[in-house]
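The next block holds one structure in the form of structure tokens; read it before the comments.
The values are calculated or read from the model by the stated rules, or taken from the named source; none is laboratory data. Because the structure is predicted, anything quoted here is derived from the model rather than measured. Don't worry about glycine lacking a Cβ; one is built from the backbone with ideal geometry, like all the others, and counts go over all protein chains shown. For the accessible areas, the whole protein counts, side chains as well, though only heavy atoms, and no ligand, DNA or RNA atoms are used. Shrake-Rupley method; radii C 1.70, N 1.55, O 1.52, S 1.80 Å.
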Amino acid sequence: MPSKKALIRRPSPRLAEGLVTHVEREKVDVELALEQWEAYAEALRAHGWETVEVDPADDCPDSVFVEDTVVMYKNVALIARSGAESRRDEVAGVEEAVARLGCSVNWIWEPGTLDGGDVLKVGDTIYVGRGGRTNAAGVQQLRAAFEPLGARVVAVPVSKVLHLKSAVTALPDGTVIGHIPHVDRPSLFPTFLSVPEEAGAHVVLLGGPKLLIAASAPKTAELLADLGHDPVVVDIGEFEKLEGCVTCLSVRLRELYA
């Protein structure tokens, strides 16, 4: 049976100091962010996911964006090495968490850099964003870790947004969705659907037709509902000020061995 565990990590008290690269800095309400994070975690649990809380990293402002710290494929956890040096201390607690869950643990080593937010899995195809946080050596190391397990790795240029998954995610049938102004090469994806909002490019597959999507993408939610999906809407506005999206706030572990 597929597993339904999701790693999450409580926001740091220093969240408002988080990095921004492609947006203007806005004031972040840390208390409101915590409320939004708790509602996000509850939405996962309400749809059958067991949340596994990684030990907090209070000295790391961006640590709530736990997806960037690790990439999962089957039962293998590849511990990331961020292109943002200030984020590299975030991985220790995540490494402990995936090891406790029985994962085989690998690492990205210097000179490689890779953020988990640059990795989009569609079946056994793994798209890797090559851009600001992930370099060629990181892509090569990910390929070496996962291709022997049956993955096909495709590098994708990313220049208009922070991460690949800031630009695109995928629907249950494998259709890649994205907001065209932020996608460098839509033609790299066999099936691509343009969505009308930036935040509409980000969905988390909850199971069946249910898709977690941000409240800031109502037109996309309506479009996806018209296509037969069932949007589950969460407000993550404080995290969006830091270039966060619904995928960033958890790591979904779907293929753990029993």
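Some values worked out for this structure:
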read-out	value
Ile79 within 18 Å of Gln141 (Cα to Cα), open to solvent by less than 20 Å² (accessible area, probe 1.4 Å) and in contact with a Phe, Trp or Tyr (Cβ under 7 Å, 6 or more places away or on another chain)	yes
Only listed residue being closer than 11 Å to Leu242 by Cβ and exposed (fewer than 13 other Cβ atoms within 10 Å of the Cβ), chosen from Val23, Val28	Val23
Hits in the stretch 206-241 - residues which are of a type in the set (S, T, N, Q) and either closer than 27 Å to Ser3 by Cβ or open to solvent by 50 Å² or more (accessible area, probe 1.4 Å) (or both)	Ser216
Some residue of the stretch 88-104 being of a type in the set (D, E, K, R), in contact with a helix residue (DSSP H, G or I) (Cβ under 7 Å, 6 or more places away or on another chain), outside any helix (DSSP H, G or I) and surrounded by 23 or more Cβ atoms within 10 Å (Cβ to Cβ)	no
Single match in Lys165, Lys74, Lys121 (criterion: touching a strand residue (DSSP E or B) at 6+ places or on another chain (Cβ under 6 Å), closer than 28 Å to Glu53 by Cβ and open to solvent by 10 Å² or more (accessible area, probe 1.4 Å))	Lys165
Enumeration of residues in the stretch 237-258 that are over 15 Å from Asp68 (Cα atoms) and small (Gly, Ala, Ser)	Gly237, Ala258
Residue match in the stretch 44-54 (condition: at pLDDT 95 or above and within 13 Å of Glu90 (Cα to Cα))	yes
Leu142 hydrophobic (A, V, I, L, M, F, W, C), out of contact with any Ser or Thr (no Cβ under 7 Å at 6 or more places or on another chain) and in a helix (DSSP H, G or I)	yes
Selection count, the stretch 55-71, where residues are closer than 13 Å to Arg10 by Cβ and in contact with a strand residue (DSSP E or B) (Cβ under 6 Å, 6 or more places away or on another chain)	3
